[in-house]
Amino acid sequence: MEVLLALQVQENYIETIKELKEEVRSLLMAEENNTTIETIILIDTIERLGLGYHFEDEIEKQLQQIYKFHHMNSQEYDLDTTALQFRLLRQHRYNIPCDVFNKFKDNNINEEKFDDKFASNAKELLSLYQAAHLRMHGENILEEALVFTTHHLNRMLPQLVSPLRDEVKQALEQPVHTGIPRIEARKYIPIYETNHDAKSEMILKLAKLDFNFLQNMYKKELILLMRWDINEIDKLPTDCMRIIYECTLNLYEDYEREAIEQEKIFAVPYAIEAREKRKGIMLTGIECYMKHYGVSKQEATKKFVELADEGWKDVNTEWINSNNNNNYSIPKDYFEGVLNYARSGEVFYRKSDFFSDPEDLAQQIIDLFVDPIII
């Protein structure tokens, strides 16, 4: 009975989702009724609610036009809109230059400093903060933007009122660009629910239905995985297992050799050392670094954050610069896999080590795979 009920629920979701998708698609493509700013906000809303994959062609068509005329329109935009447009275009591999922020600098100071008049507008600060996470190497104004916005958003947070307070708090914990999209959508839906207009009600309903529909699919897949019998591994040929084990060891050795050449011995997967231990204690990467260099946990953590930040600049540079007039040197689907792998590392290891201490991940697992969104 439960199986039949679940199938009926999914079928109902499919029908309603199909109808709502057409309504949202019409809204997105209604160019005569939307200003450029409204289109930018609509695309960001759709993507942050986890619906972007339904409208990839329509979004790309709109962004092509926005990018084509951005140098003309940007002169009229405030900081909030400028930063939002910048983030959206870079997220879609358009190499919009960071000098669009020059007009917001303090002209009385001969440095990459933002005018203090922007220090009291939380919405503009939040938009600039999110945009700064798509910075590449050498973009000093975005480095300053991140310092400037992080400081003032933290300063203002206790005085802010929800839903803006919730959005700022979540952003400081996990920026949109470096977060896992499905987790970000789950967090953003309740925020958007408390701060949307009547026209956007259908987008919110679609986001909820779509999330629950995908959640049910994930549950089904997890059940199938749980039915796999680990004992079946004994039926694999011994030679095959020996070859796989040998290849795994060779992979670790190659990684270790590369890490030594780059003077990053601490980066060698701590699985190697854990494999050699007999007490079942799993060492973290930070603990390996502390042990190797004789530094405190605070110093090791700071170093790992610096390395992660530099790594993100590498990823952003390749993501954005591989687009040459829409002729991608690296296919989007392939690169998105790399990008999402980096996002997983960011989410699981930036603030804590979910690998050795998975209990901190419990609530995110519940939100993604257990509790549906109330419609």
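The values are calculated or read from the model by the stated rules, or taken from the named source; none is laboratory data. Worth saying up front: this structure is predicted, and the values here are computed from it rather than measured. Note: ideal-geometry Cβ built from the backbone for every residue, glycine included; neighbour counts use all protein chains shown.
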Report whether or not residue 148 is in contact with a strand residue (DSSP E or B) (Cβ under 7 Å, 6 or more places away or on another chain), under 26 Å from residue 187 (Cα atoms) and either of a type in the set (S, T, N, Q) or modelled with pLDDT of 95 or more (or both). yes
Within segment 151-162, is there a residue that is among the small types (Gly, Ala, Ser), at pLDDT 95 or above and closer than 27 Å to residue 366 by Cα? no
Inside segment 63-107, the number of residues satisfying the requirement of being without any contact (Cβ under 8 Å) to a residue 12 or more places away in the chain and either under 16 Å from residue 146 (Cα atoms) or of a type in the set (Asp, Glu) (or both) is 2
Residue check, residue 68 loosely packed, with under 12 Cβ neighbours inside 10 Å, over 23 Å from the mean Cα position of the chain (by Cα) and under 29 Å from residue 179 (Cα atoms): yes
Can you confirm whether segment 2-22 contains a residue that is hydrophobic (A, V, I, L, M, F, W, C) and over 20 Å from residue 215 (Cα atoms)? no
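To keep it simple, each residue is scored yes or no on (1) surrounded by 12 or more Cβ atoms within 10 Å (Cβ to Cβ); (2) more than 17 Å from residue 204 (Cβ to Cβ); (3) free of Cβ contacts under 8 Å to residues at least 40 places away in the same chain.
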position: 15; (1), (2), (3): no, yes, yes
position: 23; (1), (2), (3): yes, no, no
position: 40; (1), (2), (3): yes, yes, no
position: 57; (1), (2), (3): no, yes, yes
position: 61; (1), (2), (3): yes, yes, yes
